[in-house]
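Chemist: Got a structure for you, written out below as structure tokens; questions coming shortly.
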Amino acid sequence: MKHDPNCLFCKIAAGQIPAKKVYEDEELLVFHDINPWAPVHVLVIPKQHVATLADTGPEHEALLGRMLALAPRLMRDLGVTNGFRVVVNNGPDGGQEVYHLHMHVMGGPRPWAKG
């Protein structure tokens, strides 16, 4: 499995940096974002280092599908029942800050939303 020894998320996946884990299996790790944008905000990362979504290819299709399919289960398990958002930032113009593919899954009541 490919790792980048200088990558923050690779270090989290390897257990070198602590994280508040939500889910883990042989390919994926899910943990709470340390700067949440919503009441529930988790990051889904592959344990294999892939820098950006643009760096994926046909060999990553199953992994990407698993990441996306996991989102509803995570939100249900975390008590989010009224919808959620999935975001993948890609590259500098896409707002990506950590260059390890990751998917933000955010939900929960938004105090600024009406109704």
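Chemist: DSSP loop (so not H, G, I, E, B), at most 13 other Cβ within 10 Å: list which chymotrypsin sites (Phe, Trp or Tyr not before Pro) in segment 1-84 pass both filters.
Modeler: Qualifying residues, ordered by number: Trp37.
Chemist: Okay, moving on. Cα axis of helix 61-77 to longest principal axis of the chain: angle in degrees, 0 to 90, nearest 10?
Modeler: Once rounded, the angle reads 30 degrees.
Chemist: Which GluC sites (Glu not before Pro) in segment 28-115 pass both tests, a DSSP loop state and at most 15 other beta-carbon atoms within 10 Å?
Modeler: Glu97
Chemist: If you take the alpha carbon radius of gyration of the chain and divide it by 2.2 N^0.38 Å, what ratio comes out, to two decimals?
Modeler: That ratio works out to 1.06.
Chemist: Moving on to the next point. With +1 assigned to the C-beta of every Lys and Arg and -1 to the C-beta of every Asp and Glu, and no other charges, what is the dipole magnitude of segment 9-115 about the Cα centre in debye, to the nearest 20?
Modeler: 560
Chemist: Using θ = phi - 60° and the Karplus form 6.51 cos²θ - 1.76 cosθ + 1.60, what ³J(HN,Hα) does each residue of segment 24-40 get, whole Hz, x for Gly and Pro?
Modeler: Those phi angles translate into 7, 9, 5, 10, 10, 9, 10, 8, 5, 5, 7, 10, x, 9, 8, x, 10 Hz.
Chemist: Which ³J(HN,Hα) values in Hz, rounded to whole numbers, follow from the phi angles of segment 95-105 under the Karplus curve 6.51 cos²θ - 1.76 cosθ + 1.60, where θ = phi - 60° and Gly and Pro get x?
Modeler: Once θ is set to phi - 60°, the couplings for segment 95-105 become x, 5, 9, 10, 8, 8, 2, 8, 10, 7, 10 Hz.
Chemist: Placing +1 on the Cβ of each Lys and Arg and -1 on the Cβ of each Asp and Glu in segment 8-107, which of Thr81, Ile34, Ala54 has its Cα farthest towards the positive end of the resulting dipole?
Modeler: Going by the charge dipole, the pick is Thr81.
Chemist: Which GluC sites (Glu not before Pro) in segment 1-58 sit in a loop by DSSP (not H, G, I, E or B) and have at most 11 other Cβ atoms within 10 Å of their own Cβ? Write down the numbers at each step before the final one.
Modeler: Numbers: sites: Glu24, Glu26, Glu27; in loops: Glu26, Glu27.
In loop regions of segment 1-58 (DSSP not H, G, I, E or B), the sparsely surrounded GluC sites (Glu not before Pro) are Glu26.
Chemist: Counting only pairs 8 or more residues apart or on different chains, how many lysine pairs in the chain have their Cα atoms under 15 Å apart? Don't skip to the end; give the middle numbers.
Modeler: Numbers: Lys2/Lys11; Lys2/Lys47; Lys11/Lys20; Lys11/Lys21; Lys11/Lys47; Lys21/Lys47.
Total qualifying Lys-Lys pairs in the chain comes to 6.
Bear in mind these aren't lab numbers, they're just calculated from the coordinates by the rules spelled out. Bear in mind the structure is a predicted one, so any value in this text is a computation, not a measurement. Ideal geometry is used to build each Cβ from the backbone, glycine not excepted, and the neighbour counts take in all protein chains shown.
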